[in-house]
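What follows is one structure encoded as structure tokens, with my remarks underneath.
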Amino acid sequence: MQAIQIQQNGGPEVMVLREIPTPSPAAGEALVRLEASGVNFIDVYFREGRYPAALPFVLGQEAAGTIVALGEQTEASGFSVGDRVVWCSVPGTYAQMAVAPVGRLVRIPDGVTSQQAAAAMLQGMTAHYLSHATYAIQPGDDVLIHAGAGGVGLLLIQMAKSLGARVFTTVSNEEKAELAREAGADEIILYTREDFVDVVKKRISGPGLAVVYDSVGKTTFEKSLSVLRPRGIAVLFGGSSGAVPPFDLIRLSTMGSLYVTRPTLKDYTTTRQELEDRAAAVLGAVASGALKLRIEHVYQLADAAEAHRDLEGRRTTGKLLLIP
Ligand code: NDP
């Protein structure tokens, strides 16, 4: 089968399409023929080596497709050959086929295509846990979401609005501003032209924001803290601009008894029940049309390096998919 297997860490140039053996499902695993693989920023961190993994390995950790074989000890799983499934947070999906533990698979509901499922799973469940669990948004909350036209950003804006928040968001250009507006954002800040701290402070009447969802990291984190209300929470969930440098915790006290958390999806899908509930909330909202996906950037598997260049170069909006 064909796959983007990397043999060394580095830039997008290490992403070469190779012919490698099709994996066989071990006990408790399924072999799936993929119809779409999601591209996520975390794939960049693994490619670079910022998140370590033993080489060589197949990039990608989100996909949808059809089960073609099951390993031993999968009888009780409820899955059969022919089922349409989606999963995330299991490596090896920039490929034509992939294996995944049946415990991580979720059935794709009727009314949701495989491409939609692959587009919604990782970023949708992320937006869901951030808005419902890490900080459960309350009606009337003022919230800030960085990178509002990104994959997670557009979904998080929609969920924050459905929970009754007033949403501030930052984007780099007019096209992205328009998308964030369509997703429901109330206050859109072009951070390339104006300072988001000034804008937020001018436009709120209270002492600050309830929560900042910050996936940009290095270039935004300090400023994100400065727009929070006393006891507000900074949710640092990514580092698209780089990692936040070490931070002296005493500053949280002087800035208003602030909270900071650095959450990750795996800790919000810890049990089979939690995974099913969160996936059902997201895929159900896609099926009903309540959650709108933006799948504009669709690449052939062979063009995966281009997808990474576009993602890192801030040229994308919404979801990026690879079609094997
Ligand atoms: P996005 O689609 O959001 O792409 C990244 C966006 O970040 C860019 O389009 C750009 O938007 C903005 N950005 C700002 N500064 C930079 C920079 N220096 N370099 C590149 N981009 C920059 O990606 P995803 O939706 O896939 O992921 C968003 C973030 O969420 C990532 O940091 C990812 O690691 C994190 N994440 C975390 C999870 C978790 O559980 N902790 C799960 C899923 C994602 P603009 O042009 O508007 O500035």
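What whole number of Å gives the distance from the Cα centroid of the stretch 41-84 to the Cα centroid of the stretch 271-324? When both Cα centres are located, 15 Å separates them. Bridgeable lysines around Lys161 (alpha carbons under 26 Å apart, same-chain partners fewer than 8 residues away excluded): Lys176, Lys201, Lys202, Lys223, Lys266, Lys292, Lys319. Report the calculated FRET efficiency for Lys266 and Arg203 (r = Cβ-Cβ distance, R0 = 41 Å), to the nearest 0.05. Taking R0 as 41 Å, the efficiency between Lys266 and Arg203 is 0.70. Protection proxy ranking for 4-13, 91-100, using the average of other Cβ atoms within 10 Å per residue and placing the highest first: 91-100, 4-13. Scan the chain and note any complete DSSP helix (H) whose C-alpha atoms cover at least 24 Å along its axis and whose Kyte-Doolittle average is 1.0 or more. Flagged H segments: there are none.
By the Stokes-Einstein formula, at 1.306 mPa s and 10 °C, the chain with its Kirkwood radius over alpha-carbon pairs has D equal to 79 µm²/s. Tally Lys/Arg at +1 and Asp/Glu at -1 over every other residue whose Cβ is under 15 Å from the Cβ of Arg278; what's the total? Once all neighbours under 15 Å are counted, the net charge is -1.
Each of Ala147, Leu228, Phe168 was scored by the projection of its Cα onto the charge dipole of the stretch 138-262, and the greatest displacement toward the positive side belongs to Leu228; charges sit on the C-beta of Lys, Arg, Asp and Glu.
Here is the P(r) of the stretch 31-180: all C-alpha pair distances, binned every 5 Å from 0, give 2, 9, 16, 16, 16, 15, 13, 7, 4, 1, 0 in whole percents. At an R0 of 45 angstrom, the distance between the Cβ atoms of Glu174 and Ala302 translates into a FRET efficiency of 0.90. Relative contact order, whole percent, for the stretch 132-210 stands at 30, derived from Cα pairs under 8 Å and 6 or more residues apart.
Using a cutoff of 8 angstrom between alpha carbon atoms and counting only pairs six or more residues apart, the relative contact order for the chain works out to 18 percent. If the segment from Thr219 to Gln7 were pulled out straight at 0.36 nm per residue, it would be longer than the present Cα-Cα gap by 73.2 nm. The gain in end-to-end length when the Ala133 to Arg315 segment is fully stretched comes to 62.5 nm, 0.36 nm per residue minus the alpha carbon separation.
Under a model in which nothing but the beta-carbon of Lys, Arg (+1) and Asp, Glu (-1) is charged, the chain shows a dipole of about 660 debye around its Cα centre.
Take every pair of alpha-carbon atoms less than 8 Å apart whose residues are at least six positions apart; their mean separation over the length of the stretch 138-262 yields a relative contact order of 21 percent.
In the chain, helices alone account for a calculated mean residue ellipticity at 222 nm of -8500 deg cm²/dmol, with every DSSP H run of four or more residues adding -39,500 (n - 2.57). The charge dipole of the stretch 138-262, taken about its Cα centre with unit charges on the Cβ atoms of Lys, Arg (+1), Asp and Glu (-1) only, comes to about 340 debye. Dipole orientation for the stretch 129-243: of the candidates Pro207, Val197, Ile137, Pro207 has the Cα lying most toward the positive pole (charges on Cβ; Lys, Arg +1; Asp, Glu -1). Net charge in the neighbourhood of Val39 (other residues with Cβ under 10 Å of its Cβ; Lys, Arg +1, Asp, Glu -1) is -2.
Annotation: extensible slack from Ala54 through Ser162 equals 34.8 nm (criterion: 0.36 nm per residue apart, minus Cα-Cα distance). When Rg and the Kirkwood radius Rh are both evaluated on Cα atoms of the stretch 138-262, their ratio Rg/Rh stands at 0.94.
Each of the peptides 190-199, 312-321 was scored by the mean count of other Cβ atoms within 10 Å over its residues; in descending order, highest first, they stand as 312-321, 190-199.
All of the numbers you see were taken from the coordinates with simple rules; none came from a lab. Predicted model only: the values in this text are computed from it and were never measured. Neighbour counts run over all protein chains shown; Cβ positions are idealised from the backbone, glycine included.
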